[in-house]
Structure formats: C-alpha cells, structure tokens
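Reading through the structure tokens given below for one structure.
The values are calculated or read from the model by the stated rules, or taken from the named source; none is laboratory data. On a predicted model such as this, the values are computed, not experimentally measured, just so you know. Cβ placement follows ideal geometry from the backbone for every residue including glycine, while neighbour counts extend to all protein chains displayed. Quick note on the areas: whole protein, heavy atoms, side chains included, nothing else; ligands and nucleic acids left out. Shrake-Rupley method; radii C 1.70, N 1.55, O 1.52, S 1.80 Å.
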Amino acid sequence: MIRVPTTFVIGAGASAELDFPTGPGLLRDISELLQFGSQFDHVNGSSAALDIGLAYARLTGQSRINPSDPFYDAAARVRSAADIARSIDNVIDQNDDDPLVEMVGKLAIAYRLLTAEAESKLSEAPEQPGIFDLQNLRDTWLLPLGQMLTTDIRKSRVESIFDQLTIITFNYDRSIEAYLPTLLVAAYGLDHADAVAISQRVRIFHPYGQVGRLSWDLGVDGGIPYGWVARDRLELIAPQLRTFTEQLADGDELTAMRNAVQQAEHLVFLGFGFHRQNMRLLAPDMDAQSTKIIGSLYREPGPARETIVEELRRLTRPLGATMAIVPTLPGMTCTDLLTQYFLPLTSG
C-alpha cells in the first residue's frame, strides 16, 4: 500500500527492463528502418520503410511518394546524423532547419515503439484479450510496483488503491497503463472492465507524448491496443510525440505535473537519465515537500553522481534553500530498487 503522496518519475532504463530500446538503441533501430531501396520496396526482408513512407504520403495528402520527393533526403539526413548523435531527439534538434527531418523521425519513432510494445515482456495471455501474462514480468519493476500497490489493500477498498500515486513517464510506450488492469484482475478477481475503470483514475503524465491511446482510452487515433503495430495510423500517432526541445503545450497539464513533484512526500526515479532539460520540465515553482528521494543509478559512472545530486537539489529546492534531504541513489536496477526499498516506500 502506498500510504503517502508518491510520485514515480520513469525513464528509458525502466522500459529497458521490458525489452524496449534505450536512446542509443532506438536511434540505431530508426537508422535501419529508414533504409530505402531504389524501388521504394521492402528493405532487409521487412516492410518497415514502406510503412513509414506510406504514412508520410498520407500525412502530406499524396497517394504515393515520387522518387524525387524530399522525404528521401530527410530520411538520409536522419541516417547520417545517427552516426554521431546520442539520440533521435538530438538528431531532430540538430536539424531544426528541415521540418521533414522531424516528421520522418517521429514516424520512425512511432513505428519502432509500436513494434517494441509487440515484442516486449508485456504479452497477452492466451485467449484473454487485454490480460497480460504476469509470469513474464517477474524480473521487471512492474512486479514489485504491483506488490507495493496491493499489499494491505483489501478488495473492499480497491477503488482507493491509486489515490496516493502519480506517475510521470518520459517514455512513449503505454506499458504502465496496459499493466495496471491486469494487476487488479489478478490480485482481486475483478472483471476487466471494472479493473480498467479503476486504473483510469491513476494520474499518469507523458510529457513527451505516447504512441496513441489504448483501446479503452479513445483519442484522435481511435484507440490502439497494446501490442498492435498500427501501420495504417502512424500519421495520426507521430504528431502526438514530442522531443526534449519541444515544450509541453498544455499549461494546465504542465502545472499539474509539477504540482505532483512539489507535493510528493516520496519521490522515486526509475531508469531516469536526470538530463537537465527533463529536470527543468519537472521543476515546481516552490520547494518540494519530499521526505524521501530515491533513484536507481544502474551503471551510472561515478563522476555523474555529483551532477545528479545537484540537479535534485535544484529540483526540490528551486528557491535556493539548503537541501535537507539527502537522496538515496543506489547503483541498482529498477527491479532491485523497488524490491529492496519496499518498506521505506510503503511506510507513512
């Protein structure tokens, strides 16, 4: 049971435990996706490039792409920049003179993330649509998170299970939203529809957008089931994605997200990179109320720790007060952190 206001900040390292690509891996994958043959046909035995090209054509009102279309130049520029950049966000930012680079990049992000959902450890149980096989999640952070949420919560109180929880995920995938109904079905025997209704009460922010709404949370894309590679809707999904240089457009949403950081007694970072632009996006307008700050720093080099501590000081004490809370930043995986810090994070 999560007893006090708790905000989880989720980064790429957390999704990596579910077999999603991290920044460098995503960039490599996108570079490979954007290999176009001379006949604009299947590449390396897949139709990925064709799917992305057709989505671009629909987005620009064309029935097909002319061989001289600047789309190909934009794709080539993405592939060239990928040889030196750290992430696809950097590629798009560095090529801000060409809006087609952004369009092509986001179409490729949408395609790769949808295929990553389909290939992830969060796979549907046989003959149970919308229900996922929890056995595949035993070495992921979703399992200890589920244990934190359900321990000491009886079924008679299940509607309040998410009252103290806020999640801010900087990832494009919908794994958390897809997982929570299955958690409630497994733990309490709820009907899937009831589990979905309760799960929708969780405050989940995607400051950089997501690859469509799930089928029970209809959006402009009509709802896209988890694990379905919606090749015919890429042009509807791509505009929903933001990169780190783009501001969160919804002022109310940004304020609510920062309030969740400011009001959290427990602030937990999982697989988060602590990049300055993301920390500034989170920063509230007043000192945070945190009594515990815990973050996983798996394989993080030693020199980065001092910088991260300073970023956390700015985040929780933006008015310049001396930081009273020393963050706990063990070199653990997300799974190990939630397992070993179960009691501190479920205490009052």
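So what is the relative contact order for the chain, in percent, with contacts set as C-alpha pairs under 8 Å and at least six apart?
Answer for the chain is 23 percent.
Compute the relative contact order of the stretch 197-317 as a whole-number percentage, counting only Cα pairs closer than 8 Å that sit 6 or more residues apart in sequence.
Answer for the stretch 197-317 is 21 percent.
Take every DSSP beta bridge with both residues inside the chain and express the antiparallel ones as a percent of the total, to the nearest 5.
Restricted to the chain, the bridges split so that about 10 percent are antiparallel.
For the chain, with a Gaussian network of springs between Cα atoms less than 10 Å apart, report the residue from ASN171, ASN66, ASN278 with the top mean-square fluctuation.
Between ASN171, ASN66, ASN278, it is ASN66 that shows the largest mean-square fluctuation.
Mind listing the long-range amide H neighbours of PHE269? Cut-off is under 5 Å, sequence gap 5 or more, other chains count too, H placed in the peptide plane at 1.01 Å from N.
VAL9, ILE294, GLY295, SER296
At 7 Å along the Cα-to-beta-carbon direction for both ASP73 and ARG314, put a label point, then send me their distance in nm to one decimal.
Simple spin-label model gives 3.8 nm for this pair.
Please check which bits of the stretch 103-128 a label hung off GLU246 would reach, taking the label as a point 7 Å along Cα-to-C-beta and the cut-off as backbone N under 16 Å.
The answer is 103-114.
Under the Kirkwood approximation for Rh and a Cα-based Rg, what ratio Rg/Rh is obtained for the stretch 194-312? Walk me through the intermediate numbers first.
Working: Rg = 16.9 Å, Rh = 16.7 Å.
Dividing the radius of gyration by the Kirkwood radius yields 1.01.
Could you give the semi-axes, largest first, of the ellipsoid that matches the stretch 233-283, computed as the square roots of 5 times the alpha carbon gyration tensor eigenvalues and rounded to whole Å? Present the calculation step by step, with values, prior to reporting the outcome.
Numbers: eigenvalues 111, 40, 24 Å².
They are 24, 14, 11 Å, listed largest first.
Rank these residues by their accessible area, most exposed first, probe 1.4 Å: LYS121, LYS106, LYS155.
Details: LYS121 45, LYS106 15, LYS155 110 Å².
Largest accessible area first, the list is LYS155, LYS121, LYS106.
Using the crude model of +1 on Lys and Arg Cβ and -1 on Asp and Glu Cβ, and no other charge, please compute the dipole size for the chain relative to its Cα centre, in debye to 20. Walk me through the numbers on the way to the answer.
Details: 30 positive and 44 negative charges, 159 e Å.
Computed about the Cα centre, the dipole is about 760 debye.
With each run of n ≥ 4 DSSP H residues scored as -39500 (n - 2.57), what mean residue ellipticity at 222 nm is computed for the chain after dividing by its residue count and rounding to the nearest 500 deg cm²/dmol?
Counting only the DSSP helices, I get -12500 deg cm²/dmol.
Once every Cα of the stretch 1-150 carries one equal point scatterer and solvent is ignored, give the base-10 log of I(q)/I(0) from the Debye formula at q = 0.16, 0.21 Å⁻¹, two decimals.
Values returned for q = 0.16, 0.21 Å⁻¹ are -0.93, -1.25.
Could you work out the relative contact order of the stretch 138-241, using alpha carbon pairs under 8 angstrom and six or more residues apart, expressed as a whole percent?
So the answer I get is 25 percent.
Post the alpha-carbon centroid distance, the stretch 268-283 to the stretch 179-212, in whole angstrom.
Each part reduced to its Cα centre gives a spacing of 24 Å.
So which aspartates and glutamates pass the test for LYS292, namely a Cα distance under 14 Å, with those fewer than 8 places away in the same chain ruled out?
Candidates past the 8-residue exclusion: GLU265.
Show me, for the stretch 262-272, the HN-Hα J-couplings you get by feeding each phi into the Karplus relation (A = 6.51, B = -1.76, C = 1.60, θ = phi - 60°), rounded to Hz, glycine and proline as x.
Rounded to whole hertz, the list is 5, 8, 6, 7, 10, 10, 10, 10, 10, x, 9.
Please report the base-10 log of the normalised intensity I(q)/I(0) for the chain, using a Debye sum with one equal scatterer per alpha carbon and no solvent, at each q in 0.08, 0.10 (1/Å).
Summing over Cα pairs of the chain leads to -0.40, -0.63.
If I ignore ligands, DNA and RNA and count only protein heavy atoms, how much of ARG203 is accessible to a 1.4 Å probe, in Å² to the nearest 10?
110
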